[in-house]
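Q: Pasting in a structure now, in structure tokens, and then I'll have a few things to ask.
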Amino acid sequence: MKFTILIVEDEYLISWSIKTILIEEGYNVISEIESVEDAIGVIESQPVHLVLLDINLKKDKDGIDLGHYLLAKATLPFIYLTSNTDKITIDRASETRPQGYLIKPYRAVDLKTTVAIVLNNFSLRKIDTTRADEATSDTIPFILKKTIDYINENVNNHISIEELALQTSWSSQHFLRMFSKYVGLTPLKYITYRKIEKAKALLIETNIATRHISYEIGFTSHGNFCVVFKKLTGKTPDEYRKTNAVNKLR
């Protein structure tokens, strides 16, 4: 499946730069959209899988207004792009529950990695009540969303079941049952999946040695990392890097 990404940015050079990076990654890109109204028109008229939106649009409505629309719509992930890091802006943006927040100037690798992770996370979603219309299971998805966020924020570290259970009001055993039921994976398998997804991005986008990547994402044994990586991808880390480097040149 080829994902379509909408860029809502009123600075042409920034929009062009983002578009160039994403097209190189194989995404379809819709750009030159500078207002909330135009963005909504695109979203309502054609398939879009992710929205990248600048907060400081020089219009009557800013990117956070579009964020509220996307939160209510509940079908599209979105990432804020901004040079503002003040508390008021961050608090306003946080109310819309974006899937990502990139600070300008950003590195190309940060943009690519964030986009890939957000698209993967959203495709696995089963647990977000604020983004769903269903009235059932109100509290369980929200509680589990906190643990998913905690995992993603600490994916480089060792994460225990006890730490995750502390994000909820449940015992460790009850947390294990609920997580597996609603996410479809055990916490350990989900953590491993997230680590390998990050490793894949680092293998493609950087020249960091494979051994260093294994330690960067929290594996204590490089050998164990290679075994797990091959089990989940069908390739060794070096084979995966070589194959995808070749594909990017085509």
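Q: For the range 58-68, give me the residue count where each residue is open to solvent by 10 Å² or more (accessible area, probe 1.4 Å) and within 20 Å of Ser17 (Cβ to Cβ).
A: 1
Q: Turning to a different aspect of this structure: Of the residues Val51, Val29, Val8, only one is free of Cβ contacts under 8 Å to residues at least 40 places away in the same chain and of a type outside the set (Ser, Thr, Tyr); which?
A: Only one candidate passes the filter, namely Val29.
Q: Right, next: Taking the options Val29, Val48, Val42, name whichever one is modelled with pLDDT of 90 or more and in a loop (DSSP other than H, G, I, E, B).
A: So the residue among Val29, Val48, Val42 that is modelled with pLDDT of 90 or more and in a loop (DSSP other than H, G, I, E, B) is Val48.
Q: Can you name every residue in the range 69-110 that is polar (S, T, N, Q) and either part of a helix (DSSP H, G or I) or open to solvent by less than 30 Å² (accessible area, probe 1.4 Å) (or both)?
A: The answer is Thr82, Thr89, Ser94, Thr96.
Q: I'd like the full set of residues that are of a type in the set (Phe, Trp, Tyr) and assigned to a helix (DSSP H, G or I), limited to the range 2-26.
A: Tyr12, Trp16, listed by residue number.
Q: Among what's in the range 170-187 and is within 23 Å of the chain's Cα centre (by Cα) and in a loop (DSSP other than H, G, I, E, B), pick the residue that is modelled with the highest pLDDT. Write out each step before concluding.
A: First, pick out the residues of the range 170-187 that are within 23 Å of the chain's Cα centre (by Cα): 178-187.
Checking which are in a loop (DSSP other than H, G, I, E, B) leaves us with 184-186.
Values: Gly184: 77, Leu185: 81, Thr186: 89.
Step by step, filter the range 170-187, then rank; the result is Thr186.
Q: Are there any pairs, at least 6 apart or on different chains, whose C-beta atoms fall under 6 Å, with the first in the range 98-112 and closer than 12 Å to Leu52 by Cα and of a type in the set (Phe, Trp, Tyr) and the second part of a strand (DSSP E or B) and open to solvent by less than 40 Å² (accessible area, probe 1.4 Å), and if so, which?
A: Going by the 6 Å Cβ cut-off, the qualifying pairs are Tyr101/Tyr80.
Q: Looking only at the range 208-225, count how many residues are open to solvent by less than 20 Å² (accessible area, probe 1.4 Å) and in a helix (DSSP H, G or I).
A: Let us first name the residues in the range 208-225 that are open to solvent by less than 20 Å² (accessible area, probe 1.4 Å), namely 210, 213-214, 217, 225.
If we keep only those that are in a helix (DSSP H, G or I) as well, we get 210, 213-214, 225.
Adding up the residues that qualify gives 4.
The values are calculated or read from the model by the stated rules, or taken from the named source; none is laboratory data. If you're wondering where the values come from, they're calculated on a predicted model, not measured in any experiment. Positions of Cβ are generated from backbone atoms using ideal geometry, with glycine treated the same way; all protein chains shown enter the neighbour counts. Note: areas computed on protein heavy atoms with side chains; ligands, DNA, RNA excluded. Shrake-Rupley method; radii C 1.70, N 1.55, O 1.52, S 1.80 Å.
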